[in-house]
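As structure tokens, the structure follows; a few thoughts come after it.
The values are calculated or read from the model by the stated rules, or taken from the named source; none is laboratory data. Keep in mind that what you see is a predicted model, and the values were worked out from it rather than measured. Using ideal geometry, Cβ is built from the backbone for each residue, glycine included, and neighbour counts are taken over all protein chains shown.
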Amino acid sequence: MTETVLTQASGDDVALVRDLKSKTESLKLEIGKAIIGQDEIVESLLICLLSGGHCLLIGVPGLAKTLLVRTFSEALRIAFKRIQFTPDLMPSDITGTEIIEENQATGRRSYRFVRGPIFANVVLADEINRTPPKTQAALLEAMQEYQVTASGEDHPLPLPFFVLATQNPIEQEGTYPLPEAQLDRFMFSLRVDYPSRSEEIEIVKRNTSAFTPKIEPVLGGDEVLTLQRLVRRVPVSEDLVEYAVTLATATRPSKDRNGDLGDFIGKYVSWGAGPRASFYLVLAAKARAILHGHYAVSREDIRSIAPQVLRHRIVATFRAEADGVTPDTIVERVLEIHSES
């Protein structure tokens, strides 16, 4: 199957994949000037960007999430805006607002739309769970529609458009957790963990010196759009599409499913991943394939990105919380059961 797929790839596409693999290594080196470690997070951000999705970053304070996103955008040579979410933030503070202008010559007044910070290629929604649902909804609507509507007029957002939202998992007081339906808008949910001891030593050395990294851009906006179109053209076999659907449906409680996995899911899962998860599994696997210099999707591509796609789409039961079973545990069990299917 792989050989047949390879012969169908055009010469231009093959050249783009080879060029991307080289630029990916350069991009990681540039980001490494400011960020120590986090290689898997950087790769996941790239996969999400090339897939045309959006990403949720979850981690405790002080793990350089904001610096990572800012450095990522600098290495891509695209416009970056940061929005600090607060309880008093209004939807118009994100999307923009209309103001009245007076023509000094004629005295006539007219409305003019002033664009908000969402009009950028990379938007960092910092601590998205600290703002009320109405403001969250304004951002999430723009993520879905790729436009902002004001007074009946549509204002398209610049492309590529990539939203990275952060959440602090240890503080719940004064927060507004995203509903499951809105979490589903994010392609990936990434867990930003503590650095290793050696990485933390290097972080301390670097941040207590006079060193100021200079990030050289590697990819431009037009190149990102070209690669996003390439991802859509990456071939995937029928059996791998079925495998992606199998993983997503395996997270759903079902009375018709028997066996160990069926009992496990029935006990620990209230709601499983929806059809959007199946779609994202295949699309993200395509992006991962070309990042690794391949011209077709493999089973390993799908399995590698499954936790990022599925973890925030699983609603665990109270029994799961009591037994210490997390969504990641559930995904691991699903992957284990379907390792050979």
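Some values worked out for this structure:
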| quantity | calculated |
| --- | --- |
| All positions within the range 117-130 that are surrounded by 22 or more Cβ atoms within 10 Å (Cβ to Cβ) and not in a helix (DSSP H, G or I) | ILE118, VAL122, VAL123, LEU124, ALA125 |
| Qualifying positions in the range 78-116 - touching a residue at least 24 places away in the same chain (Cβ under 8 Å), surrounded by fewer than 17 Cβ atoms within 10 Å (Cβ to Cβ) and not in a strand (DSSP E or B) | ALA79, THR86, PRO87, MET90, SER92 |
| Among the residues listed as GLY59, GLY53, the single one being at pLDDT 85 or above, under 20 Å from LEU283 (Cβ atoms) and of a type outside the set (A, V, I, L, M, F, W, C) | GLY53 |
| Flag for THR166 being crowded, with 21+ Cβ neighbours inside 10 Å, within 25 Å of LEU225 (Cα to Cα) and polar (S, T, N, Q) | yes |
| Residue within the range 109-119 that is at pLDDT 85 or above and out of contact with any strand residue (DSSP E or B) (no Cβ under 9 Å at 6 or more places or on another chain) present | no |
| Residue that is surrounded by the most Cβ atoms within 10 Å (Cβ to Cβ), among those in the range 132-163 that are without any contact (Cβ under 8 Å) to a residue 40 or more places away in the chain and not small (Gly, Ala, Ser) | LEU157 |
| Set ARG313, ARG303, ARG319: member being within 21 Å of ARG252 (Cβ to Cβ) and over 20 Å from the mean Cα position of the chain (by Cα) | ARG319 |
| Count of residues meeting criterion [crowded, with 23+ Cβ neighbours inside 10 Å and either part of a strand (DSSP E or B) or among the acidic types (Asp, Glu) (or both)] in the range 57-76 | 1 |
| Failed criterion for PHE264 (all others in (1) modelled with pLDDT of 90 or more; (2) over 30 Å from ALA79 (Cβ atoms) hold) | (1) |
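Each row is one residue, and each column tells you yes or no for (1) touching a Gly at 6+ places or on another chain (Cβ under 6 Å); (2) closer than 30 Å to PHE119 by Cβ; (3) assigned by TED's automatic domain parsing to the domain that holds PRO275.
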position	(1), (2), (3)
LEU164	no, yes, no
GLN167	no, yes, no
LEU178	no, yes, no
MET187	yes, yes, no
ARG191	no, yes, no
TYR194	no, no, no
ILE201	no, no, no
GLU223	no, yes, no
